[in-house]
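J.: Take this structure first; my questions come after.
The values are calculated or read from the model by the stated rules, or taken from the named source; none is laboratory data. What you see is a predicted model; the values in this text were computed from it and never measured. In this analysis, Cβ positions are derived from the backbone assuming ideal geometry, glycine residues included, and neighbour counts consider all displayed protein chains. Quick note on the areas: whole protein, heavy atoms, side chains included, nothing else; ligands and nucleic acids left out. Shrake-Rupley method; radii C 1.70, N 1.55, O 1.52, S 1.80 Å.
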Amino acid sequence: TLSYEQFASDVQIIGPSGVNYLKAGLNEYSLVVIDESQAFRNPGIERAAALRKLLQGSPQKRLVLMTATPVNNSLWDLYYLLTYFIKQDAAFAHKGVVSLRKRFAQAQAEDPTTLKPDLLFDILDEVTVRRTRNFVKKYYPNDTIRAPGGEQVTIKFPRPHVHRIDYELEPMLPGLLQDFEEKVMPELGEPELSLARYAPDKYRKGHSPGPEPSLLGLIRSGLLKRLESSPYAFANTVRKMIADHETFLEALERGSVLTSDEIHDLQEMDGDEAFDELLESLNTLPAGDFDVSQLTSAVQNDIAIFRGFLEVAELVTEDEDTKLQALLEALKDIAQKAKAEGLGEPDTRNKRKVIIFSYFADTVFWIHRYLSKAIETEPGLQEFNGRTVSLVGNTTSLGTTREQAIFGFAPESTEAPPGSDDDCFDLLISTDVLAEGQNLQQCRNVLNYDLPWNPQRLVQRHGRVDRIGSPHDDVYIGCFFPDDALDRLLRLEDRVRLKLAQAAASIGVESDVVPGGATAEVVFAGTINEIEALRREEADLFETGGEDPNAHSGEEYRQELRQGIENRGSTIRGL
């Protein structure tokens, strides 16, 4: 078993600079099994290229992809997963699907609220085995599974409950959102923030006006999400961008223009790594090809705008952060509820365990620094004192390894090995490094600190605690909402996606840098509906795993037929 990172850095994959992780030659493997395979949905990343290399050669290898969330951003996610083992676009011609790509384009163009399952039914019935939560509950109601202790337990899922945690954004950052909208995402006209440093081609001599590069929309979206996440994350990002712009001007004075290569396969701006990669991808062109005066003026104006944003964000202290205050109250409620419902200390401890997720490492640091001080003195939170750890990538706040933090948080459900099985932590603050592949069902509380821009990400996070074998009858999902600014934030993100869709349509592409870009406004309309449902504290998203319960698989139809024959066989045969 290898991690994605080990696999992609094996010497047989990348050459002499790699490490010997694979124990045999590439052609000696006959079966490749990938868990959490949605991580390979982007065909342009290193691990995807590594997988394609592994699958080459002879004899032909079999591939099994396992995932609970094959669709994260659009149906193109699923399409790209299928292409790892479906080599011909006409592979389903015998099912009436002449072109796999065209069928997915047709399905993606549909309004998700009216998308009929039959558009992709024949394809999925041939290549997938689906075991959804509803399927297991319906067809395996009394089956058992071996628990970590070795005993057989009846398969059951805990009941998910969603609760909304409101905070006010405007009083914390007075006037900033209004200023941001006017300068970065205006409803009409061109934004004052040109982002010329990332798209200098507009100032190239002889340039013909065209659609705005997609990466500018991604940058605007990334800034918006950091603004909502925390003033600390927003300020740090803006500060980096100011420094980047100043470097650009220095290079321009020396006769060079630094350009960013547009990252066509980028999936989203809901995390640090992809955003940083976008900002740092540099090439150099001679300044003589550009209108240096106009380009310099545009970049200087952008720096001034960024400094205005930074001035407001930097003024916010941890004690003035209304979102952190709302988090403190949410943790008090969790601790109080655990104390009231717990049956003995071990059960009470498990019931108060909390995972706090944020998209951004800066926000994780901001939360941890605040809670470390507040927990010491705040009434009702003493149980968390000394039992808090944060995790970003493979780095923890205590200098321990990632594995030690995870084992210390949930030693029972992770089956921690002897020597690492002490129960050390009740509060774990993390980026989405924990959103996949971890058995953390010893915990029953998940708090999503950022606005759920991608509800499917929440399904993945929730899956860490909502698992077969959970000791809890109920699990709780908290979602933070900037109640005074939610509609405006969603409108601004929708505005960016619409602009991306218009740019995609103008150049005639099927799938843009945001998957499904040609229909992004339709896709986000469905996302808004899911976000509003979470705001109403509806748990349907977690009951269904984000799937339409009416979208039956072929297995379900065959199960229905099997049950029908068992129960009413003579009547059916008589028909």
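J.: What is the distance in Å between the Cα centres of the range 471-501 and the range 437-467?
T.: 15 Å
J.: Carbon and sulfur atoms: what percent of the 1.4 Å accessible area of the chain do they account for?
T.: Working: 13220 of 26500 Å².
Of all accessible area on the chain, carbon and sulfur atoms account for 50 percent.
J.: With every protein chain kept in the model, how would you rank ASP319, ASP333, ASP432 by accessible area, 1.4 Å probe, largest at the top? Walk me through the intermediate numbers first.
T.: Values: ASP319 120, ASP333 95, ASP432 35 Å².
From most exposed to least exposed: ASP319, ASP333, ASP432.
J.: Additional query: Placing +1 on the Cβ of each Lys and Arg and -1 on the Cβ of each Asp and Glu in the chain, which of ALA105, PHE365, LEU188 has its Cα farthest towards the positive end of the resulting dipole?
T.: ALA105
J.: I've got another one for you. Mind putting a number on the dipole of the chain about its Cα centre? Charges go on the C-beta only, +1 for Lys and Arg and -1 for Asp and Glu, and I need it in Debye to the nearest 20.
T.: Working: 62 positive and 93 negative charges, 426 e Å.
Charge dipole, the chain, about its Cα centre: 2040 debye, nearest 20.
J.: To continue, here is another question. Which order, highest average first, do 36-44, 86-94 follow once you tally other Cβ atoms within 10 Å for each residue and take the mean per peptide?
T.: Working: 36-44: 18.6, 86-94: 12.8.
Highest mean packing first, the order is 36-44, 86-94.
J.: I need to check one value: relative contact order of the chain, counting alpha carbon pairs closer than 8 Å and at least 6 residues apart, in percent.
T.: Working: 874 pairs, mean separation 107.3, N = 575.
Relative CO of the chain lands at 19 percent.
J.: Please work out the Cα center distance from the range 367-408 to the range 1-62, rounded to the nearest Å.
T.: Spelled out, the Cα-based centre of one part sits 35 Å from the other.
J.: In nm, to one decimal, how far is the modelled label at LEU328 from the one at ASP118, with both set 7 Å along Cα→Cβ?
T.: Calculated label separation equals 5.8 nm.
J.: Right, next: If you plug each phi of the range 561-575 into the Karplus form 6.51 cos²θ - 1.76 cosθ + 1.60 with θ = phi - 60°, what whole-Hz ³J(HN,Hα) values come out, in order, with x for Gly and Pro?
T.: 5, 4, 5, x, 5, 5, 8, 9, x, 5, 5, 5, 5, x, 5
J.: May I ask you to derive the FRET efficiency for LYS373 and LEU2 from their Cβ-Cβ distance with R0 = 30 Å, giving the value to the nearest 0.05?
T.: 0.15
J.: Follow-up question, since we're still on this one. Dividing the convex hull volume of the alpha carbon atoms of the range 279-355 by its residue count, what do you get in Å³ per residue? All intermediate terms of the calculation are to be shown ahead of the outcome.
T.: Working: hull volume 10.3 nm³, N = 77.
Spread over its residues, the Cα hull of the range 279-355 gives 134 Å³ apiece.
J.: Quote the accessible area belonging to LEU82 in square angstrom, nearest 10, computed with a 1.4 Å probe and with ligands, DNA and RNA left uncounted.
T.: Taking all protein chains as shown, LEU82 has close to 10 Å².
J.: Moving to a separate point now. Once phi is turned into θ = phi - 60°, what whole-Hz ³J(HN,Hα) does the Karplus curve with 6.51, -1.76 and 1.60 give for every residue of the range 391-408, x standing for Gly and Pro?
T.: Values, residue by residue: 9, 10, x, 9, 10, 10, 5, 9, x, 7, 7, 4, 4, 5, 5, 5, 4, x Hz.
J.: Next up: Which values, in whole Å and largest first, are the semi-axes of the equivalent ellipsoid of the chain obtained as the square root of 5 times each eigenvalue of the Cα gyration tensor? List each step's numbers first, then the result.
T.: On the way: eigenvalues 306, 220, 119 Å².
Equivalent ellipsoid semi-axes, largest first: 39, 33, 24 Å.
J.: Also, I was wondering about something else. Report D for the range 392-495 in µm² per second (integer): Stokes-Einstein, Kirkwood Rh on Cα pairs, 20 °C, 1.002 mPa s.
T.: Numbers: Rh = 15.1 Å.
Rounded, D is 142 µm²/s.
J.: Take the Cβ-Cβ distance between ASN301 and GLU46 as r, set R0 to 35 Å, and report the resulting FRET efficiency rounded to the nearest 0.05.
T.: Details: r = 37 Å, r/R0 = 1.05.
In this case the efficiency is close to 0.45.
J.: Taking R0 as 60 Å, what FRET efficiency do you get between ILE468 and THR247 from their Cβ-Cβ distance, rounded to the nearest 0.05?
T.: About 0.70, to the nearest 0.05.
J.: Relative contact order for the range 303-434: what percent, with Cα pairs under 8 Å and sequence separation of 6 or more?
T.: Relative contact order of the range 303-434: 25 percent.
J.: Next question. Probe of 1.4 angstrom, ligands and nucleic acids ignored: what's the accessible area per residue over the range 1-158, in square angstrom? Could the numbers behind the result be given before it?
T.: Values: 8980 Å² over 158 residues.
For the range 1-158, the per-residue accessible area is 57 Å².
J.: Between ILE86 and HIS163, what length in nm is gained on full extension when 0.36 nm per residue of separation is reduced by their alpha carbon distance?
T.: Additional length available on full extension: 23.5 nm.
J.: Something else: Tell me which residues come under 5 Å, amide H to amide H, from ARG130 once H is placed; ignore anything under 5 positions away on its chain.
T.: The answer is none.
J.: Just give me a number: lysine pairs in the range 81-202, eight or more positions apart or cross-chain, with C-alpha atoms less than 27 Å apart.
T.: Total qualifying Lys-Lys pairs in the range 81-202 comes to 10.
J.: Further question: Any chance you could run the full-extension gain for ASP483 through VAL11? It's 0.36 nm times the residue separation minus the Cα-Cα distance, nm to one decimal. Can you show the working numbers first?
T.: Numbers: separation 472, 0.36 × 472 = 169.92 nm, distance 5.09 nm.
Between ASP483 and VAL11, full extension yields 164.8 nm more.
J.: Here is a further query. Under the 0.36 nm per residue contour assumption, what length would be gained going from the current alpha-carbon distance of GLU126 and VAL153 to full extension?
T.: Values: separation 27, 0.36 × 27 = 9.72 nm, distance 3.23 nm.
Taking GLU126 through VAL153 to full extension adds about 6.5 nm, to one decimal.
J.: Still on this model: For the range 166-226 and the range 120-141, what is the centre-to-centre distance using only Cα atoms, to the nearest Å?
T.: Result: 43 Å between the Cα centres.
J.: Also, I was wondering about something else. If you put +1 on each Lys and Arg Cβ and -1 on each Asp and Glu Cβ, how big is the dipole of the range 1-112 around its Cα centre, in Debye rounded to 20? Write down the numbers at each step before the final one.
T.: Details: 12 positive and 10 negative charges, 89 e Å.
Result for the range 1-112 is approximately 420 debye, rounded to the nearest 20.
J.: Which of the listed residues, THR431, ALA93, PRO346, is farthest toward the dipole's positive end in the chain, when Lys, Arg count +1 and Asp, Glu count -1 at the beta-carbon?
T.: It is ALA93.
J.: Also, I was wondering about something else. With a 1.4 Å probe and all protein chains left in place, how much accessible area per residue does the range 369-450 have, in Å²?
T.: Roughly 39 Å² per residue, with all protein chains present.
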